[in-house]
Amino acid sequence: MQTCDTPFGALSLGRYPPTRNPTLQAFDAADQYLLQRLHEDGLGEQPILVINDAFGALAIALAKAGHRIHSWGDSWLAQRAMQDNLQANGLDADCVQFIDSQSLLPEHYQQVLLRIPKSLSLLESQLRHLHSRLQPQALVLAGAMIKHLPPSAGDLLARYIGPYQASLAWKKARLLCVRAQTDLNPPTSELNSHYPLPDTALQLHNLPGVFSRNQLDIGTRVLLPCIPRDLGNARVVDLGCGNGALGLFAAWHNPEIQPTFIDESYAAVASARKNFHQGFAGRSAQFLVSDGLTEVAPASAELILCNPPFHQQQVIGDEIALRLFKQSRQVLAPGGSLLVVGNRHLGYHIKLKRFFQRVEQLGSSAKFVAWRAWR
Ligand SMILES: C[S@@+](CC[C@H](N)C(=O)[O-])C[C@H]1O[C@@H](n2cnc3c(N)ncnc32)[C@H](O)[C@@H]1O
């Protein structure tokens with residue numbers, strides 16, 4: 001737990017999933033800058049909308065000060081971090097109403113704090129919906145660390161909310177401040193994307209914010225041909241499913257399987273669900289928005305397919321992948337296996353050997369290697 005000083009009081013904040021890296025914090029200067037600026041503006045009586053709060057710093061500071069907060073975001077991990085941090089700060093879980101990215105905002109807001117996300121398509125879809133949920137002259141404060149602030153974020157704000165003013169930099173963070181103009185005519189172009197899944201007749205539809213939304217990931221491309229075609233009715237999990245490419249491919253070539261698709265992104269699971277139902281009308285599958293395999297019973301799968309994430313939000317590292325390998329070991333039935341792909345330089349085979357006795361290479365490209373690890 002670290003202490004985060006805000007104009008609304010000090011908070012104790014931790015990350016979820018917990019990390020062994022002591023340099024990683026559950027808040028940054030952009031969170032503090034947003035709270036300072038809102039504090040200067042003064043708070044009204046109506047609920048405040050917080051968007052893309054990473055670990056709950058924004059929502060919890062405001063809830064602690066007694067305000068009604070709606071927190072809107074795409075990440076189950078962020079939702080879970082907020083729940084843990086509410087508890088750590090002596091607040092009830094229902095102090096903040098979490099609204100997932102696939103749900104509509106319930107009110108019209110006067111004050112909004114927005115963490116600018118890495119994905120511009122997610123930002124654009126959020127601003128498009130937000131535009132219809134703002135009161136005239138509502139204050140929208142958008143913030144990011146300068147090194148993560150995409151140059152076009154300001155253009156999107158101007159297009160959907162109104163002309164913005166950029167703040168001075170403070171501790172390497174910057175804010176873009178907007179008063180909402182409700183008479184704008186924002187673009188209505190399609191934000192969903194799609195492309196074919198090779199060696200099938202399936203299409204992969206991608207909601208805004210989903211991993212690799214414009215083309216198949218080059219790592220996924222290496223793993224697909226390694227997926228077995230003699231699975232019978234094996235229990236198959238697509239772990240960190242994104243648009244569902246791996247599980248859909250397995251389902252196409254193994255007509256009896258009923259895969260489970262898991263991702264921590266609400267948009268990813270919604271995309272995988274749509275892709276599965278469009279490709280296999282009437283066939284069953286499970287869809288879980290969750291943290292890895294934490295909700296899956298031990299020894300309950302014969303095959304796990306995974307192209308692991310190599311970052312959480314802006315932080316790059318293999319901690320999440322290692323956690324998924326460890327969970328896979330527990331969820332695989334004896335004789336089951338994990339199929340995984342990773343960038344060559346990550347040396348996943350060495351890390352897989354910490355959890356699995358037998359690891360074999362199945363395929364490779366110049367940059368990526370696919371492995372099968374046997375339980
Ligand atoms: C590299 S992408 C792979 C997506 C897809 N399987 C593919 O091959 O295109 C990794 C995915 O893992 C998801 N993810 C990250 N952390 C996760 C966690 N703790 N639990 C479940 N999914 C997670 C991300 O949202 C992302 O969709």
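One residue stands out in the stretch 75-96 among those that are more than 13 Å from Ala61 (Cβ to Cβ) and part of a loop (DSSP other than H, G, I, E, B): the one that is least open to solvent (accessible area, probe 1.4 Å), namely Gly90. Kindly check whether there is at least one residue in the stretch 246-261 that is more than 15 Å from the ligand (Cβ to nearest atom) and open to solvent by less than 10 Å² (accessible area, probe 1.4 Å). Yes, the stretch 246-261 contains a residue that is more than 15 Å from the ligand (Cβ to nearest atom) and open to solvent by less than 10 Å² (accessible area, probe 1.4 Å).
Residue count for the stretch 143-188 satisfying the condition of being in a loop (DSSP other than H, G, I, E, B), of a type in the set (D, E, K, R) and within 15 Å of Leu127 (Cα to Cα): 1. Looking at the stretch 110-125 only, could you name the residues that are open to solvent by 10 Å² or more (accessible area, probe 1.4 Å) and more than 15 Å from Cys177 (Cα to Cα)? Passing the criteria: Pro117, Lys118, Ser119, Leu120, Ser121, Leu122, Glu124, Ser125. Within the stretch 302-318, can you find the residues that are modelled with pLDDT under 65, open to solvent by 50 Å² or more (accessible area, probe 1.4 Å) and either within 11 Å of the ligand (Cβ to nearest atom) or touching a strand residue (DSSP E or B) at 6+ places or on another chain (Cβ under 9 Å) (or both)? Result: Gln313, Gln314.
For the stretch 45-74, residues that are open to solvent by less than 30 Å² (accessible area, probe 1.4 Å) and at pLDDT below 95 total 0. Which strands (runs of 3 or more DSSP E) does the stretch 2-56 wholly contain that include 1 or more residues that are in contact with a Pro (Cβ under 9 Å, 6 or more places away or on another chain)? Because the criterion is at least 1 residues that are in contact with a Pro (Cβ under 9 Å, 6 or more places away or on another chain), the strands (runs of 3 or more DSSP E) in the stretch 2-56 that meet it are 48-51.
Against the definition (free of Cβ contacts under 8 Å to residues at least 60 places away in the same chain and crowded, with 19+ Cβ neighbours inside 10 Å), how does Gly219 come out, yes or no? No. Per the listing Ile48, Ile99, Ile116, the residue uniquely of a type in the set (A, V, I, L, M) and farther than 28 Å from Ser212 by Cβ is Ile48.
The values are calculated or read from the model by the stated rules, or taken from the named source; none is laboratory data. In this text the structure is predicted, and so the values were computed from the model without any measurement. Please note: Cβ atoms are built from the backbone with ideal geometry, for glycine as well, and neighbour counts cover all protein chains shown. Note: accessible area is taken over every heavy atom of the protein model, side chains too, but ligands, DNA and RNA are not part of it. Shrake-Rupley method; radii C 1.70, N 1.55, O 1.52, S 1.80 Å.
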